[in-house]
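Worksheet: one structure, shown below.
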Amino acid sequence: MPRELERPKAVLRALKVKLMLRRPREDLVSRGVIPPMNTPAAFYEQRQRLDMAKKHDILKHKMQKRPDREELVRQHILEGGSNMSMKVGQTCPRRWVKACCSGLRFVV
């Protein structure tokens, strides 16, 4: 068999394997990777933007509710000191920061 004919067959075999390994459409829809079949694409994109805006608003609200340094010192979460330029991670353990700030992540 000529070599030119073997190459397309190898490509087809590789594609068949990839298709077999691909997750089912229902799984992709449930994970939010692709829109459902019966939903218009514009509606799906609008829904995604609304979900992102909602998450943004929730995080913004949590940041505004976050206690200030004096409150954390009063609750004995942070040590009282004059060096206020220290990073949060240098002043208290991460688990305290996580418990105090309702799961918000800080870059240390």
Within the stretch 47-74, restricting to residues that are in contact (Cβ under 8 Å) with a residue 12 or more places away in the chain and not in a helix (DSSP H, G or I), the one that is nearest to the chain's Cα centre (by Cα) is 66
Considering only residues of the stretch 54-108 that are under 30 Å from residue 32 (Cβ atoms) and among the polar types (S, T, N, Q), which is modelled with the highest pLDDT? 64
Here are the criteria: (1) at pLDDT 90 or above; (2) open to solvent by 100 Å² or more (accessible area, probe 1.4 Å). Tell me which single one residue 51 does not satisfy. (2)
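The values are calculated or read from the model by the stated rules, or taken from the named source; none is laboratory data. Predicted model only: the values in this text are computed from it and were never measured. Here Cβ is always computed from backbone atoms with ideal geometry, including for glycine, and neighbour counts include all displayed protein chains. The area values use the complete protein model at the heavy-atom level, side chains included, leaving out ligands, DNA and RNA. Shrake-Rupley method; radii C 1.70, N 1.55, O 1.52, S 1.80 Å.
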